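In what follows, a single structure is set out as structure tokens and then discussed.
None of the figures in this text is laboratory data; all of them are computed from the coordinates on show. What you are looking at is a predicted structure, and each value in this text was computed from that prediction instead of being measured. In this analysis, Cβ positions are derived from the backbone assuming ideal geometry, glycine residues included, and neighbour counts consider all displayed protein chains.
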Amino acid sequence: MVKNDRWIREMAVKGMIEPFNKHRLKKGVISYGVSSYGYDMRISDEFKIFTPVGKPLIDPKNFDPKSLADFRGDICIIPPHSFVLGRSVEYFRIPRDVLVTCLGKSTYARCGIVVNVTPLEPEWEGYVTIAISNTGPLPARLYANEGIAQLIFLQASEICEKSYADKKGKYQAQKKITLAKVQ
């Protein structure tokens with residue numbers, strides 16, 4: 001069952017989303033905060049910008065950290081046909097009976113900017129690492145501390161048998177932008 005804004009506010013009181021914006025903030029910014037059936041998370045001011053140096057191939061089993069340049073600032077420019085990694089401003093603690101899916105914001109999508117976040121599994125916690133692609137032929141601008149993606153909370157009718165915490169997931173409790181890794 002998709003959960004509404006009242007349920008999300010109740011869960012936030014229990015520490016599920018920190019910091020939590022109980023209202024949808026949108027005047028002069030790309031909106032963030034509570035929405036009708038979800039929560040629009042923000043992108044922090046920390047980025048890793050893809051640079052074509054190092055290995056001539058991107059390999060998720062052997063990712064070369066030299067392929068990314070660290071950047072911190074209020075505006076991040078994504079080169080054409082490239083991507084950046086960022087992290088959420090909010091720290092999430094997902095309950096055992098909830099699965100969270102993520103969709104990019106339409107404001108960015110209409111500019112050719114695609115957001116990818118894998119589902120937040122039951123009992124996962126941490127800052128969300130966000131992959132943001134510029135599919136267009138021109139540089140694209142990202143605004144730190146503004147909305148980047150909408151999270152949709154799905155509550156299960158029963159508790160999952162094995163949560164992300166039970167599996168000792170490799171991205172559990174991440175505090176920074178986390179690169180691809182294989183255990």
Taking a crude spin-label model, label points 7 Å out from Cα along the C-beta direction, the Tyr37 to Glu10 distance in nm is 1.8 nm
With label points set 7 Å from each Cα along the Cα-to-Cβ direction at Phe20 and Ile152, the distance between them in nm comes to 2.2 nm
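Could you compute Rg(Cα) / (2.2 N^0.38 Å) for the chain, with N its residue count?
1.04
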From the cross-link list Lys27/Lys175; Lys26/Lys176; Lys66/Lys181, the entries with a Cα-Cα span beyond 24 Å are Lys27/Lys175; Lys26/Lys176
Reduced to Cα centres, the span from the stretch 66-118 to the stretch 11-28 in Å works out to 18 Å
With x for Gly and Pro, the residue-by-residue ³J(HN,Hα) of the stretch 69-78, computed from phi through the Karplus equation 6.51 cos²θ - 1.76 cosθ + 1.60 at θ = phi - 60° and given in whole Hz, is 9, 6, 8, 10, x, 6, 10, 10, 9, 8
Diffing the stretch 81-90: the Karplus 3J(HN,Hα) column from phi (6.51, -1.76, 1.60, θ = phi - 60°), in whole Hz with x for Gly and Pro, holds 6, 9, 8, 9, 10, x, 9, 6, 6, 7
Subtracting the Cα-Cα distance of Leu179 and Leu103 from 0.36 nm times their residue separation yields 25.3 nm
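What is the Cα convex hull volume of the stretch 1-57 when expressed per residue in Å³?
Enclosed volume per residue, from the Cα hull, is 155 Å³.
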Note, the stretch 41-49: 3J(HN,Hα) by Karplus (6.51, -1.76, 1.60, θ = phi - 60°), whole Hz, Gly/Pro = x, goes 7, 9, 9, 6, 9, 9, 9, 10, 9
So Val53 and Ile159, fully extended at 0.36 nm per residue minus their Cα-Cα distance, gain in nm 33.6 nm
Shape descriptor, the stretch 4-98: equivalent ellipsoid semi-axes (Cα gyration tensor, sqrt 5λ, whole Å, largest first) stand at 33, 17, 10
Any aspartates and glutamates whose Cα falls less than 16 Å from that of Lys22, other than same-chain ones fewer than 8 residues away, would be Asp5, Glu10, Asp40, Glu90, Glu146
Treating only Lys and Arg (+1) and Asp and Glu (-1) as charged, each at its beta carbon, one finds that the chain has a dipole about its Cα centre, in Debye to the nearest 20, of 200 debye
Residues whose built amide H sits under 5 Å from the amide H of Ala156, excluding neighbours closer than 5 in sequence, are Val98, Leu99
Listed by chain and number, the residues whose amide H is under 5 Å from that of Tyr91, excluding neighbours fewer than 5 places away on the same chain and using placed H, are Glu18
Extension length gain for Arg93 and Val29 (0.36 nm per residue less Cα distance), in nm, is 20.5 nm
For Asp166 and Ile75, extending 7 Å from Cα along the Cα-Cβ vector and measuring point to point gives, in nm, a value of 4.9 nm
Amide H neighbours of Ile30 at under 5 Å, excluding residues fewer than 5 places away on the same chain, with H built from the backbone geometry, are Gly147
